[in-house]
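Enquirer: Next up is a structure, given as structure tokens.
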Amino acid sequence: MSKDATSMVWDYLVFVIFVLASTFVAVYSKFFGPKEKTKADYVFAAGKVSMAAMMLSIARGTLGVRSFLGYPSELFYRGATMWETLYGMVLAYPIVCFVFVPVYFSLSITSVYQYLDLRFKSRLVRCLASGTYVLRQLMNQGVTVFTPCVALNTVIGIPYWASITGISFVSIIFNILGGLKAAIWADVMQGLTMIVVCMAIIFQGCFEAGGPARVIEVNHRDGRLDFFNFSFDLTKRVTTTSAIIGQLFMSLSIFGCQQNFVQRYCSMDSQKQVTKTLMFNIPVITVLFSLSWVVGMVVYAVYADCDPLSSGYIDKYDEILPFFVEDRFSYLPGILGLFMASLFNGALSLNVSNLNSLATVTFEDFIKPIPILRDMRDSNQLLAIKLIGCFYGLVIMGISFGVGMINGVIESSMLVTSATSGPLLGVFIMAMLIPCANWKGASIGMIIGHAVTFWITFGGLTVEKPAAIPLDLNTANCSNTSFNDHILKSEHKAGVWTPATTPMPFYIYNDTHYLLNTTRAAPSDPLTQLYSITYMYYAFIGTFITILFGWTISYFTSSESDRYDEELIHPIARKMANLFPGKKRIYSHKEKVIDEKCEKNACCNTCDSGSSSTSTPACKKGSINPTFTAEGSDGPIDGVYNTKL
């Protein structure tokens, strides 16, 4: 971009003030908010977090940085088809509410993957699931931290190393001081800022384009608003069909099986409140998700007659929104700094949230089970989780530097996300809804599910696919009035010019294969057709493969040792068990014995007496079995419930 440092003093000032204000949230939470006395306070948020804050936090975690920067460029250059992924997201919410949440909320668990250990009595299954989550989140966070650094470097000249280091160290400060509550309030602050900036861009764009009706007309005329393509072509990048099916399975894996989301559900007071929050979140996510697309519409309407990329003013698709802000808001000092701070804080809030969840999962699933550490005091557990979070902050910083040097890592990380969603969802569906599922089927099903999806994923990198062709772009009407004077190149200040560059394929958010293609196989080859399946279906394929093999192996390897407490599967699955053929399912039954630690705190007595105490997760109102703990998964069998397999 072309602003000099002197003219950007206000932008730098606003940027620094906003970042410092975000950091102050963690400091205030630490010294003036409710104190974190236990691990549960840190993991599940000390003090009460309002439902509105929780809703905005969940919405921000769902959308990520791409909603702010990537979707406007997606609409500008490829149209609104990707917007239809909203259908799958919205459908996932009620399923999570009525299938996943009832099972989680009946247990006293810190890591969602503890549930798999309780259900299958297998450390292998638990570690496979949590290891999948850790790998996926580390890769994703490396990209999340790096993404805004591209815009920060291009627009206001902040070096990559400075922005990556800044995001990482502020995240570590949040992790040490604030826990989940600081992460939630960081999400809230970022969400509100994103809304304000988006609304400012929409108002400015509508004014520049000639009003909302003109914006819609221009986008419809140029093919940016084509919806409802119910094609069953599995190789098309995204259609309405893949948006519904593919995104539904991916969203179920994220909302229902991912620690950073389940951690928020378990921090609430009751199952009813969780359900209310998630259902009310549907209109919130719809509005926030759609805001970015409306931003893309107004930006396109402004530049419909003179595309900045084809004119040589930007180098990558994802620079279109920062370019618009610098071009059209030059009269308002500081707005570019606020926009850049929003990108910075978007990566920051997501990083804080995921550091908390990654540290919790790593401690609960990999470190705490070590025999010598089982009796670790609660305060030491809290310290260990914070130290692990700091370590992961440094690891993510290193991955971000790697992403900056190797562009292909960006595409690979997106493929890893798609490929790991299916097996993770599949094993949780088996645990909750398939009574006969055992640890043998679950572990083998996950391994095969991962093998198949990774095979398709990385096999697809060896197949040359058609180049990403953007929708029609226009530079015929470019003139010395197309952009503001401080943006306009000197050679373009006197009349009309011709396009200077050729549009490049998508760089960060969109087409994921173009950098890594190496060979072209025969189009009729079945293997090539398999490799050409769009990543939108990877989660569906992985889920199906995991359940198919896991259920089959479980059916033929069932034994008396597979007994588990019936409350570990969904109530509907228990009722429907009689409809399945085969021998009867035998459940174990735990006597309600008051745990020694719980007895000391008198928490189980208060729970049993109907108290609404929320001092620990086990005492949450609505808990079905407060005596469940991860360590008690192998308790004695006192009775049986006979149901068909």
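The values are calculated or read from the model by the stated rules, or taken from the named source; none is laboratory data. What you see is a predicted model, and the numbers here were worked out from it, not measured in a lab. Counting neighbours? That spans all protein chains shown, and the Cβs are built from the backbone with ideal geometry, glycine included. Keep in mind that these areas ignore ligands, DNA and RNA; they rest on the heavy atoms of the full protein, side chains included. Shrake-Rupley method; radii C 1.70, N 1.55, O 1.52, S 1.80 Å.
Yes/no matrix, rows are residues, columns are (1) aromatic (F, W, Y); (2) without any contact (Cβ under 8 Å) to a residue 24 or more places away in the chain; (3) in contact with a His (Cβ under 9 Å, 6 or more places away or on another chain):
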residue	(1), (2), (3)
E319	no, no, no
F324	yes, no, no
Y331	yes, yes, no
L336	no, no, no
S342	no, no, no
S349	no, no, no
N354	no, no, no
S357	no, no, no
D375	no, yes, no
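Enquirer: Which of the residues that make up the stretch 452-489 are surrounded by 14 or more Cβ atoms within 10 Å (Cβ to Cβ), in a helix (DSSP H, G or I) and either in contact with a strand residue (DSSP E or B) (Cβ under 9 Å, 6 or more places away or on another chain) or without any contact (Cβ under 8 Å) to a residue 40 or more places away in the chain (or both)?
Expert: F454 - this is the single residue of the stretch 452-489 that is surrounded by 14 or more Cβ atoms within 10 Å (Cβ to Cβ), in a helix (DSSP H, G or I) and either in contact with a strand residue (DSSP E or B) (Cβ under 9 Å, 6 or more places away or on another chain) or without any contact (Cβ under 8 Å) to a residue 40 or more places away in the chain (or both).
Enquirer: Same structure, new question: When the stretch 315-339 is examined, which residues are found to be open to solvent by less than 10 Å² (accessible area, probe 1.4 Å) and touching an Asp or Glu at 6+ places or on another chain (Cβ under 7 Å)?
Expert: G334, L336, G337
Enquirer: Quick one: count up the residues across the stretch 166-188 that are modelled with pLDDT of 75 or more, over 13 Å from L355 (Cβ atoms) and within 20 Å of the chain's Cα centre (by Cα).
Expert: Counting residues in the stretch 166-188 that are modelled with pLDDT of 75 or more, over 13 Å from L355 (Cβ atoms) and within 20 Å of the chain's Cα centre (by Cα) gives 1.
Enquirer: Still on this structure, please answer the following. Please count how many residues of the stretch 217-243 are modelled with pLDDT of 90 or more, under 30 Å from V463 (Cβ atoms) and of a type in the set (V, I, T).
Expert: Qualifying residue count for the region: 2.
Enquirer: Anything in the stretch 315-357 that is over 15 Å from C198 (Cβ atoms) and either of a type in the set (F, W, Y) or in a loop (DSSP other than H, G, I, E, B) (or both)? List them, or say none.
Expert: Listed by number, the residues that qualify are D315, K316, Y317, F323, S330, Y331, L332, P333, G334, F344.
Enquirer: Here is a follow-up. What single numbered condition from (1) in a helix (DSSP H, G or I); (2) at pLDDT below 85; (3) surrounded by fewer than 21 Cβ atoms within 10 Å (Cβ to Cβ); (4) in contact with a Phe, Trp or Tyr (Cβ under 7 Å, 6 or more places away or on another chain) fails to hold for S379?
Expert: Exception for S379: condition (4).
Enquirer: Given the criterion more than 30 Å from A476 (Cα to Cα) and hydrophobic (A, V, I, L, M, F, W, C), identify the matching residue among C257, C306.
Expert: C257
Enquirer: Of these, L234, L288, which one is under 18 Å from the mean Cα position of the chain (by Cα), surrounded by fewer than 24 Cβ atoms within 10 Å (Cβ to Cβ) and not β-branched (V, I, T)?
Expert: Only one candidate passes the filter, namely L288.
Enquirer: List every residue pair whose Cβ atoms lie under 6 Å apart, where the two residues are 6 or more positions apart in sequence or sit on different chains, the first residue falls within the stretch 566-591 and is under 18 Å from L116 (Cα atoms), and the second residue, located anywhere, is among the hydrophobic types (A, V, I, L, M, F, W, C) and at pLDDT 75 or above.
Expert: L568/L118; I569/M432; H570/V103; H570/M432; H570/L433; A573/L433
Enquirer: Something else: What single numbered condition from (1) touching a helix residue (DSSP H, G or I) at 6+ places or on another chain (Cβ under 9 Å); (2) modelled with pLDDT of 90 or more fails to hold for C266?
Expert: (2)
Enquirer: A further question on this structure: Which of the helices (runs of 4 or more DSSP H) found entirely inside the stretch 85-165 contain at least 1 residues meeting this: open to solvent by 30 Å² or more (accessible area, probe 1.4 Å)?
Expert: It comes to 85-95, 123-156.
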